[in-house]
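Student: A single structure is presented below for examination.
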Amino acid sequence: DRLFEGDYRESVFVSEPVHNVIHREVLKRSGVSFESDRSDTETAREFLASRDPWFRPTGMKTGPDGALYIADMYRLIIEHPEWIPDDVASAMDLRSGEDRGRIYRIYPSARPPSTIPILAEDSSLELVNRLESSNGWVRDTAQRLLIEQGGQDEVDALRSLLMVTGSPEAMIHTLWTLDGLNSLNLEDLSQGLRSVSGEVRRNSIRLGEQFLSDAAL
């Protein structure tokens, strides 16, 4: 999403439950792949660190409001018993904390999270428009709902969006939604293949396998 600004937009977050931290790396393009380094603002600290040895961040997701949600398993022991010597394991309560757990929501203090949309109440046209959302969860969920309830009206609206959107993310979701509705045709695919966005072209090539026997491709 766009709730976090600056180099957060190009960052990857890594949970380190054994060390009670969440580490952040800023990605930089390097040919067809990437390199990464710590952010200049975090050279001597982590994005998030806890003095509580039970803090075990085991997963992270961007929420529908743009905030970063962190699942804290909150356990005394996080290592698998297979890697703990039997004599040590026998003296420990390896399940200590199984009745606990936390979810943290992190967002910039100067930018409150967005209102969480209720996509189940959207019309099919509204769901199509959601594919242009800045939020990945919203786009993913709109795509799923469109495929689940899809009909010709949705297909027509998706093709209209494909012709006018300036968002690479929206183009990718639109192409895959058309594919999920078994409605992707060569004309749709050609728009993706002509995109100035390398990511759109890459996804279009993946989708194009089904058209390999078509001489026009």
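The values are calculated or read from the model by the stated rules, or taken from the named source; none is laboratory data. Keep in mind the model is a prediction, meaning the values are calculated, not measured. We place every Cβ from the backbone using ideal geometry, glycine too, and count neighbours over all the protein chains shown. Side chains included, ligands, DNA and RNA excluded: accessible areas come from the protein's heavy atoms. Shrake-Rupley method; radii C 1.70, N 1.55, O 1.52, S 1.80 Å.
Student: Identify all residues within segment 129-160 that are open to solvent by less than 20 Å² (accessible area, probe 1.4 Å), β-branched (Val, Ile, Thr) and within 13 Å of SER183 (Cβ to Cβ); write none if there are none.
Tutor: Correct list: VAL155 only.
Student: Of everything in segment 76-106 that's of a type outside the set (Gly, Ala, Ser) and open to solvent by less than 30 Å² (accessible area, probe 1.4 Å), which residue is farthest from the chain's Cα centre (by Cα)?
Tutor: First, pick out the residues of segment 76-106 that are of a type outside the set (Gly, Ala, Ser): 76-88, 92-95, 98-100, 102-106.
Subsequent filtering for residues that are open to solvent by less than 30 Å² (accessible area, probe 1.4 Å) retains 77, 84.
Numbers: ILE77: 29, ILE84: 34 Å.
Ranking the qualifying residues of segment 76-106, first place goes to ILE84.
Student: Moving to a separate point now. Within segment 93-110, which residues are free of Cβ contacts under 8 Å to residues at least 24 places away in the same chain and closer than 18 Å to ASP52 by Cβ?
Tutor: Of everything in segment 93-110, those that are free of Cβ contacts under 8 Å to residues at least 24 places away in the same chain and closer than 18 Å to ASP52 by Cβ turn out to be ASP93, SER96, GLU98, ASP99.
Student: A further question on this structure: Looking at (1) part of a helix (DSSP H, G or I); (2) at pLDDT 95 or above; (3) in contact with a helix residue (DSSP H, G or I) (Cβ under 7 Å, 6 or more places away or on another chain), find the lone condition where ASP140 falls short.
Tutor: (3)
Student: Looking at SER109, is it assigned to a loop (DSSP other than H, G, I, E, B), of a type in the set (Gly, Ala, Ser) and under 16 Å from the mean Cα position of the chain (by Cα)?
Tutor: Considered against the rule, which asks whether it is assigned to a loop (DSSP other than H, G, I, E, B), of a type in the set (Gly, Ala, Ser) and under 16 Å from the mean Cα position of the chain (by Cα), SER109 comes out as no.
Student: Going through segment 161-185 one residue at a time, which ones are surrounded by fewer than 15 Cβ atoms within 10 Å (Cβ to Cβ) and either touching a helix residue (DSSP H, G or I) at 6+ places or on another chain (Cβ under 9 Å) or basic (Lys, Arg) (or both)?
Tutor: Initial filter on segment 161-185 (surrounded by fewer than 15 Cβ atoms within 10 Å (Cβ to Cβ)): 163-164, 166, 182, 185.
Listed by number, the residues that qualify are MET163, ASN185.
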